[in-house]
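**Q** I am attaching a structure below and will ask some questions about it afterwards.
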Amino acid sequence: MHSIKDALDKESLTGTTITVAGWVRTFRNDRFIALNDGSTIRNLQCVIDQEKVDAATRARFTTSAAVQCTGELVASQGSGQRVEMKVGALEVLGDSPADQYPIQPKKHSLEFLRENAHLRFRTNTYSAIFRIRHQVSFGIHEYFDQEGYNYFHAPIITASDAEGAGEMFRVSALDAKNPPLNEQGTVDFKQDFFGAESRLTVSGQLQAELAALALGKVYTFGPTFRAENSNTTRHLAEFWMIEPEAAFMDLKGDMDLAEGLSKHLIARVLRNSMDDLQFLDTRLKEEEAQKPQAQRSEMGLIDRLKFVLENPFERITYDDAINILLRSKPYQKKQFQFPVEWGVDLQSEHERYLVEKHFKKPVIVTGYPAKIKAFYMRTNAPGDFGYSEKGKTVAAMDVLFPGIGEIIGGSQREERLDVLEARMKDMNVPAEELWWYLDTRKFGTVPHAGFGLGLERFVLFVTGMGNIRDVIPFPRTPGSAEF
Ligand code: 4AD
Ligand code: MG
């Protein structure tokens with residue numbers, strides 16, 4: 001058996017007899033089967049001889065029927081493809097009754113396809129997205145391996161909720177209807193499976209830090225869970241996060257790593273997924289044509305990827321960002337929904353203004369006010385990039401991408417025990433619970449840094465899709481965990 005990709009691309013196969021199998025996309029003129037096996041977005045045209053295939057069999061070549069064809073690959077008569085198959089023998093492996101199959105060869109809405117998520121992989125759009133998702137995932141391992149990072153498996157269940165990255169889902173083996181109670185009359189989690197109240201992780205960072213302070217360079221790549229009730233096109237309750245962490249790395253190194261990884265992944269997708277990108281590029285152009293002129297993006301998908309690959313990311317401080325926003329047209333015309341003033345977090349509308357209107361390229365913002373960032377981020381001193389006269393800042397960095405906003409969030413970590421302890425106290429982070437984390441600052445502490453990249457946000461960017469539910473196989477969002 002050969003893949004359709006090989007049948008179309010390997011010139012050595014032309015003139016030979018091979019077998020392929022896949023699902024019927026269309027059957028035209030009672031002769032031409034467009035067959036797709038998922039190895040490429042392109043179909044193999046399989047031409048049958050009507051005298052050899054009876055009418056009853058031909059009636060079974062309905063959309064999504066599984067068919068195996070054996071025949072000679074010959075130079076194509078038609079214009080659409082280099083080769084086609086002259087079918088000698090064929091077998092219907094699995095029928096697909098046309099009156100019941102929900103996805104027909106016409107344009108369906110993405111909402112409709114989300115409701116049919118179990119079958120949507122058979123469309124061009126979703127097969128392209130998931131092949132690209134593979135390229136990005138594989139590229140992540142490739143990049144970190146190349147850079148000397150160890151793949152590190154952080155736990156998924158945790159009894160600590162100290163990181164504070166988001167609301168958490170509880171993991172329990174107690175009888176939900178009749179849980180054991182303690183003397184205070186509340187649920188006694190000491191009797192639960194782990195002997196303590198446990199939850200699904202919101203981040204593997206704290207554990208990755210422990211490993212980085214011994215292995216030097218590590219990265220995690222795993223599922224992450226957040227029970228926030230945010231029904232946006234950028235949030236999932238279950239998503240995949242990549243968290244590198246490196247000892248002896250400062251904020252500059254962290255920014256270089258984030259930019260290096262992003263560019264490596266874009267280059268890989270441009271190299272390996274051009275067919276799929278071309279399809280998605282056309283799809284996006286058609287979608288943009290429906291929008292009013294002012295909302296259309298200036299560049300097509302492929303041009304945008306090349307542009308990000310070829311240009312350095314802009315690196316600015318939070319102070320710069322606030323100043324730019326205060327001078328901006330939308331601010332002066334009161335078009336921003338959220339306030340702009342030193343001390344408040346940047347909202348998506350502000351991030352997108354900086355990236356899409358002001359700099360027109362990815363932007364890394366550093367030196368955020370300490371108050372709005374996590375306890376483990378390193379406090380800036382005069383002379384540090386991101387230090388501000390206006391208030392205490394930390395060595396945080398957010399990488400903002402066009403069309404999406406934040407794709408990466410990271411920081412240099414606070415390695416000074418006394419500073420860290422004071423900050424935790426300030427922010428009401430329980431030191432007792434994090435005794436193991438604090439130990440790393442007691443024994444051989446060193447400067448270190450890392451970040452978290454949201455896989456789905458990155459895949460949104462490289463596919464040009466608009467909704468995060470379309471770039472993960474089976475999205476988990478508030479009110480929805482079907483399939
Ligand atoms: O900015 P976040 O919350 O950072 C952390 O969790 C740190 N512990 C990372 C680190 O320094 N090791 O999340 C990191 C990234 C975000 O930039 C975003 O891309 C993605 O994870 N993300 C989400 N993606 C989809 N759905 C959600 N609900 C997400 N929340 C965060
Ligand atoms: Mg963040």
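We did not get these values from a lab; they are worked out from the coordinates using the rules stated. Keep in mind it's a predicted model, so treat the numbers as computed, not measured. Here Cβ is always computed from backbone atoms with ideal geometry, including for glycine, and neighbour counts include all displayed protein chains.
**Q** Could you rank the peptides 340-347, 117-124 by their average count of other C-beta atoms within 10 Å per residue, with the highest value first?
**A** 117-124, 340-347
**Q** Sort R441, R170 so the one with the fewest other Cβ atoms within 10 Å of its own Cβ comes first.
**A** The fewest-first ordering by Cβ neighbours comes to R170, R441.
**Q** I would also like to ask the following. Distance check, please: which entries in K306/K360; K357/K390; K263/K392; K107/K291 exceed 23 angstrom between their Cα atoms?
**A** Details: K306/K360 13 Å; K357/K390 26 Å; K263/K392 32 Å; K107/K291 18 Å.
Going by Cα-Cα distance, K357/K390; K263/K392 fall outside the 23 Å limit.
**Q** So, one more: Out of all DSSP beta bridges in the chain, what portion is antiparallel? Express it as a percent rounded to 5.
**A** Of those bridges, close to 90 percent are antiparallel.
**Q** Next question, about the same structure. How large is the dipole of region 175-263 about the Cα centre if only Lys and Arg carry +1 and Asp and Glu carry -1, each at its Cβ, rounded to the nearest 20 debye?
**A** 220
**Q** Let's see if you can work this out: charge +1 on each Lys and Arg Cβ, -1 on each Asp and Glu Cβ, no other charges. What is the dipole magnitude of the chain about its Cα centre, in debye to the nearest 20?
**A** That gives the chain a dipole magnitude of about 1400 debye.
**Q** Cα to Cα, under 22 Å, and not fewer than 8 places away if on the same chain: which lysines meet these conditions relative to K10?
**A** Candidates past the 8-residue exclusion: K86.
**Q** Please work out the Cα center distance from region 66-86 to region 258-273, rounded to the nearest Å.
**A** Each part reduced to its Cα centre gives a spacing of 33 Å.
**Q** Starting from a Cα-only point model with no solvent, please compute log10 I(q)/I(0) by Debye for region 275-433 at q = 0.11, 0.17 1/Å.
**A** -0.55, -1.02
**Q** Let me ask something else. Would you mind classifying region 304-394 by shape? Square roots of the alpha carbon gyration tensor eigenvalues, ordered a ≥ b ≥ c; an a/c under 1.5 is rounded, otherwise it is prolate if a/b is larger than b/c and oblate if not.
**A** oblate
**Q** If you don't mind, another one. Note down the relative contact order for the chain as a percent, whole number, built from C-alpha pairs under 8 angstrom at least six residues apart.
**A** 13
**Q** Once you keep just the Cα pairs under 8 angstrom separated by 6 or more residues, what percentage relative contact order results for region 46-96? Intermediate results must be reported in sequence, preceding the final value.
**A** Details: 75 pairs, mean separation 23.7, N = 51.
Normalised by residue count, the contact order of region 46-96 is 46 percent.
**Q** Another question, then. Suppose R0 equals 41 Å. What FRET efficiency, 1/(1 + (r/R0)^6) with r the Cβ-Cβ distance, do A289 and D54 give to the nearest 0.05?
**A** About 0.35, to the nearest 0.05.
**Q** Could you calculate, for region 1-104, the ratio of the Cα radius of gyration to the Kirkwood radius, expressed as Rg to Rh?
**A** Working: Rg = 12.8 Å, Rh = 13.6 Å.
Ratio of gyration radius to Kirkwood radius: 0.94.
**Q** Expressed as cubic angstrom per residue, what is the convex hull volume of the alpha carbon set of the chain?
**A** Values: hull volume 92.7 nm³, N = 483.
Each residue corresponds to 192 Å³ of Cα convex hull volume.
**Q** Something else about it: How much length, in nm to one decimal, is gained on full extension between E167 and D188, taken as 0.36 nm per residue of separation minus their Cα-Cα distance?
**A** On the way: separation 21, 0.36 × 21 = 7.56 nm, distance 2.09 nm.
That works out to 5.5 nm of additional length.
**Q** Rounded to whole Å, give me the distance from the Cα center of region 4-43 to that of region 464-482.
**A** The distance from the Cα centre of region 4-43 to that of region 464-482 comes to 31 Å.
**Q** Quick test of the membrane-span-like rule: which DSSP H helices of the chain reach at least 18 Å along their long axis (C-alpha atoms) with mean Kyte hydropathy at least -0.5?
**A** TM-like helix candidates: 124-146, 251-272.
**Q** Taking a ≥ b ≥ c as the square roots of the Cα gyration tensor eigenvalues, with a/c under 1.5 meaning rounded and otherwise prolate when a/b beats b/c, else oblate, which class fits region 237-367?
**A** Oblate is the answer for region 237-367, as a/c is 1.5 or above yet b/c matches or exceeds a/b.
**Q** Fewest first, what order do S172, S203 take by the number of other Cβ atoms within 10 Å?
**A** Lowest to highest Cβ neighbour count: S172, S203.
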